[in-house]
């Protein structure tokens, strides 16, 4: 039976002896060889006996840096730090040559005690592999050198070199740096873009067809087309394309070399333009040698002279010139030969013998700084010279007429430059006639806007009208001379037409008056207007303030226990106060309308409800006079319209009030109908109102005075019925403010019919129920508790008014403190807290506006501040609201106004406590 150990050892010995790689054993103590197989000895060229007991490190090439690493790893393996070490080194053969080997080394250990026994080394010859690697390295270096040279050539080339992928878009794979100089793009901006990038849109079909043809072998090698530079300019390109295929014939890449040929294209275009300029020129063009012989002539030259090209080119120009102008022509030609361009007029003899008036321009032909010929450019000016002669004759006649005119006459071209000016214009503008021609109008005369402000340059009405070819009707304007003086001019402007084209304009003007008078009159008018406005504002305050006390106290008096006679006296005071207030309101309304300061609101108006309130207002007076008062309203009128209810109501009150006043018996009828507006605007409607009475009527010859200010038709009637004469004048102006018209039909003794129309907007209800929602809604059953527990401060400098307001508030449950000016109001709020402040606007020391601003700095929301003012204008209301006031009542105030303020703001105050 065989021994496995013996067999295994025999197998190992055979493997050791015949292995193709070197196998050796060395001492793990000193690294000397103990045993080497034949392959190892053959690899080194030594016998085993020659190597036994020699150090391993002697066979490693000293130059290799593996020596120290091998020693370090040898001891690591001996000490158990590492198990194996592998490296590539050059070994020294016996004959002195070097051989690349792959060395593997490991420590063989005792299996029982793990003590190191010996070092096992394997070596494999890798010389051929290293030589192959070196060869590849050399080839790579050569390739890199070749690539480097190619890159240098590519990058230094002025031509653009591009490599495209073979995809459908022919995407740029590589672009040479020449792209920056040629197209303004860096290469990285183009790489990855479609092959059509930068190609002019109009040339894309040409390029696409070229590529398709080339791939089929049908297109030429190169193509010219346009590219777009990054700055938008056009670059002409000449491109040659090469196609790279693989072994199977599949397209791999496309290499395109593009050259900028813009300069040559421009040169080619210039040559074409020159040829077109020569052949297609409507003027006669010929080239001549230095002796005056015609070398070339265009068709226009043939037509001009009547000679054929053969006749023209057979001899010099002498035979074409009128003998009287021959010397002149030769002189100018000789000057041209010297290099000086010439322009002159001569006569040519046509082939039929007649003289042709011409203008000739000679241009020297210069090549390499030397005159080699002359271009002759000839134009026919026969008709224009005849036209100039006729104009000269007309100009003489025109000068006679213009010089005799007293009005200033100025001719302007389309740019506003003076062509001519007659002596009267020169005198009015303070210029010598010879100094004016060729000067711009605005450098002689300035046309001013209002307030003596000059128009911007070239924007005055006269200059603009001349530029646009328009006429200006007769009108007046202030003209300022350059010396600072001015005059009021009446002027008109007419365009100058020539065969349907505008050539400029003619300005005719005359001095009307001195500008100083105009400015003085204007200033006086402005001062008077300001004085009137200030007077009305003061009167409004000064009259309303005592009137407020009179009416307020009369109302309080009437609520006390009075006998019949005393109650009648109080009623008379109240009626008189209301009449006085009505007159005051009419005067102020009229003044505001006259000053253009009447603003109309655009709020929802219930026409039916408004008519009912007007009828209710006059129902008692009509019943007292036994007059029937009724109203008719069309069903077509919408429930609400958009307009100014107060002003419409004011018009109706004026008309119905007059009807009641001047009607002793019979009836008063109010009718309202609706019509479509004349302009067809679907968002508007036209309401027609008629107030018809059976009163005393109006005489026909007096009706034109009805709507005039302070007009009273008959003093006797006025004494009987009373009135300011402003009601109808105000009504007319209010109607016209609402784009309407008012009129009257009447006869004496047969009553009167006043009618007016108003153009109003349709009301679009956005809330759904047509009613505006109130911010604060609150109902108090007991009026005496309305202001209960509400702390109130009254700031009013008039004792009567402050006492009146205190009484009104006391009846509503309020307890009030009173101060006399805004400064005291500010100090009062610093000491105590108030819920509501009634603040008069006009007070000494500090007014209500300033006081409110100071209060709002420390009290942003509470207290509620309500303005009290005698000024009832919209601007006054805005000023109050801007400074922080929340409400607004005007003098003379009533208990209903005070109640309204409390009902509006008491819930808000209680909610914020």
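Against the list (1) at pLDDT 85 or above; (2) more than 53 Å from the chain's Cα centre (by Cα); (3) outside the structural domain of residue 738 (by TED's automatic domain parsing), the condition residue 799 fails is (1).
I'd like to know if the range 825-839 contains one or more residues that are at positive phi, touching a helix residue (DSSP H, G or I) at 6+ places or on another chain (Cβ under 7 Å), modelled with pLDDT of 85 or more and not in a helix (DSSP H, G or I).
no
Answer yes or no: is there a residue in the range 252-263 that is exposed (fewer than 12 other Cβ atoms within 10 Å of the Cβ), touching a strand residue (DSSP E or B) at 6+ places or on another chain (Cβ under 6 Å) and closer than 30 Å to residue 184 by Cα. So far as the range 252-263 goes, yes, one or more of its residues are exposed (fewer than 12 other Cβ atoms within 10 Å of the Cβ), touching a strand residue (DSSP E or B) at 6+ places or on another chain (Cβ under 6 Å) and closer than 30 Å to residue 184 by Cα. Residues that are under 59 Å from the mean Cα position of the chain (by Cα), touching a residue at least 40 places away in the same chain (Cβ under 8 Å) and more than 30 Å from residue 237 (Cβ to Cβ), at least 2 per element: which strands (runs of 3 or more DSSP E) completely within the range 265-362 meet that? Result: 284-288.
From the list 567, 613, 579, the one residue that fits, being over 50 Å from the mean Cα position of the chain (by Cα), outside the structural domain of residue 696 (by TED's automatic domain parsing) and at pLDDT 75 or above, is 567.
Picking from residues in the range 429-451 that are more than 21 Å from residue 492 (Cβ to Cβ) and surrounded by fewer than 12 Cβ atoms within 10 Å (Cβ to Cβ), the one that is nearest to the chain's Cα centre (by Cα) is 451. Within the range 863-913, being closer than 20 Å to residue 844 by Cα, assigned to a helix (DSSP H, G or I) and either at pLDDT 75 or above or not assigned by TED's automatic domain parsing to the domain that holds residue 822 (or both) holds for 879, 880. In the range 643-659, the qualifying residues are those that are buried (at least 20 other Cβ atoms within 10 Å of the Cβ) and without any contact (Cβ under 8 Å) to a residue 60 or more places away in the chain, and the one that is farthest from the chain's Cα centre (by Cα) is 656. Residues considered: 766, 772. Of these, the only one that is over 30 Å from residue 893 (Cβ atoms) and at pLDDT below 90 is 766. On the stretch given as the range 162-197, residues that are more than 17 Å from residue 239 (Cα to Cα), assigned to a loop (DSSP other than H, G, I, E, B) and touching a strand residue (DSSP E or B) at 6+ places or on another chain (Cβ under 6 Å) total 3. In the range 623-642, of all residues being in contact (Cβ under 8 Å) with a residue 12 or more places away in the chain and more than 14 Å from residue 608 (Cα to Cα), the one that is surrounded by the fewest Cβ atoms within 10 Å (Cβ to Cβ) corresponds to 626.
Annotation: residue 218 fulfils all but one of (1) part of a loop (DSSP other than H, G, I, E, B); (2) surrounded by 13 or more Cβ atoms within 10 Å (Cβ to Cβ); the unmet one is (2). A count restricted to the range 401-459 and to residues that are in a loop (DSSP other than H, G, I, E, B), out of contact with any helix residue (DSSP H, G or I) (no Cβ under 6 Å at 6 or more places or on another chain) and at positive phi stands at 3.
Restricting the first member to the range 106-122 and to residues that are in the same structural domain as residue 57 (by TED's automatic domain parsing), and the second to residues that are surrounded by fewer than 10 Cβ atoms within 10 Å (Cβ to Cβ), the beta-carbon pairs closer than 6 Å and six or more apart or on different chains are 117/110.
Filter the range 221-232 for residues that are assigned to a strand (DSSP E or B) and touching a helix residue (DSSP H, G or I) at 6+ places or on another chain (Cβ under 7 Å); which is farthest from residue 198 (Cα to Cα)?
That would be 223.
Here is the figure for the range 233-256: residues that are at pLDDT below 90, part of a loop (DSSP other than H, G, I, E, B) and either within 52 Å of the chain's Cα centre (by Cα) or within 22 Å of residue 183 (Cα to Cα) (or both) total 0.
The values are calculated or read from the model by the stated rules, or taken from the named source; none is laboratory data. Quick caveat: nothing in here was measured; it's all calculated off a predicted structure. FYI the Cβ positions are ideal-geometry reconstructions off the backbone, even for glycines, and counts take in every protein chain you see.
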